[in-house]
Amino acid sequence: MYELFYWPSIQGRGEFVRLALEEAAAPYVDVARERGAVAVQGMLRGKGLRPFAPPVLVAGDLVLWQTAAILQWLAPRHGLVPEDERSRIAAHAIQLTISDIVAEIHDTHHPISTGLYYEDQREEAARKAHHFTAERLPKYLEWLERSVDDETFTYVDLSIFQLLEGLSYAFPRATAGLEIPRLQRIRDAVRKRPNIAAYLASPRRIPFNEQGIFRRYTELDVG
Ligand SMILES: N[C@@H](CCC(=O)N[C@@H](CS)C(=O)NCC(=O)O)C(=O)O
């Protein structure tokens, strides 16, 4: 039984781990959600654990954190990546790149500090979002479109699904114009996978909201 420690009210970075656990039908407790807690860091400290930030996965006496590192460990144990080293290295590198994208998406609404409210950094957010949607988003997605393998299913497909779902929620205008048919095929195929379809239809899937990474602030979707 795995224990996932992540904020209970958002998809956030924890969602990349939840999707892998759900696809694998792995037994897990989403600890903060199931125990009604809000302060994940407090729960971790209570167990004597001091990772820098959630998501954190506890597997027996192993404590894993950093989204890409959790997935790199989890995937081979559940058939979510091929056996060979080359495939695993490629998957991990792409997953780390997705973490980079996620960090830039987060910075579109919090460009100055995570310690300030969005309302206190709106001007800077608008500038940041303009550069993100005009330069970084197309650069990342066009690179992913050329670089991902759509022949073999891996955990990276789950993350591409989540990335595109989040971008469609937060930046529908900026994302609509991009030519990414291969990524869209991956997204559609993931949505239809039986375990993922069941998860998405369940109350375990938290809806997108304005506390997570992907926030719908229409003024930032400048296209
Ligand atoms: N690179 C890390 C980032 C972890 C992270 O930033 N977690 C957020 C929640 S999504 C957090 O709680 N950060 C606290 C902080 O940065 O002080 C990962 O991918 O897991």
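The values are calculated or read from the model by the stated rules, or taken from the named source; none is laboratory data. Just so you know, these numbers come straight off a predicted model, no measurement behind them. Cβ coordinates were reconstructed from backbone atoms using ideal geometry, including for glycine residues, and neighbour counts include every protein chain displayed. Ligands, DNA and RNA are stripped out before the accessible areas are found, and what is left, the full protein with its side chains, is counted by its heavy atoms. Shrake-Rupley method; radii C 1.70, N 1.55, O 1.52, S 1.80 Å.
Scanning region 126-139 for residues that are farther than 11 Å from Val222 by Cβ and open to solvent by less than 40 Å² (accessible area, probe 1.4 Å) returns a single hit, Pro138. Residues that are surrounded by fewer than 18 Cβ atoms within 10 Å (Cβ to Cβ) and charged (D, E, K, R) within region 164-192 comprise Arg173, Glu179, Arg182, Arg185, Asp188, Arg191, Lys192, listed in sequence order. Would you point out the residue of region 34-84, among those that are among the small types (Gly, Ala, Ser) and within 18 Å of the chain's Cα centre (by Cα), that is nearest to the ligand (Cβ to nearest atom)? In this case the residue turns out to be Ala53. Does Phe208 qualify as being among the hydrophobic types (A, V, I, L, M, F, W, C) and either touching a Leu at 6+ places or on another chain (Cβ under 9 Å) or open to solvent by less than 10 Å² (accessible area, probe 1.4 Å) (or both)? Against the criterion (among the hydrophobic types (A, V, I, L, M, F, W, C) and either touching a Leu at 6+ places or on another chain (Cβ under 9 Å) or open to solvent by less than 10 Å² (accessible area, probe 1.4 Å) (or both)), Phe208 does not qualify. Note on region 98-117: residues that are surrounded by fewer than 17 Cβ atoms within 10 Å (Cβ to Cβ) and either among the hydrophobic types (A, V, I, L, M, F, W, C) or away from the ligand (no atom under 11 Å from the Cβ) (or both) amount to 5.
Cβ-Cβ distances below 9 Å connect the following pairs, each with a first residue in region 135-155 that is over 22 Å from Arg191 (Cα atoms), a second residue that is surrounded by fewer than 17 Cβ atoms within 10 Å (Cβ to Cβ) and at pLDDT below 95, and a separation of six or more residues or different chains: Pro138/Gly177.
From the list Ser159, Ser87, the one residue that fits, being more than 15 Å from the ligand (Cβ to nearest atom), closer than 23 Å to Ala189 by Cβ and not aromatic (Phe, Trp, Tyr), is Ser87.
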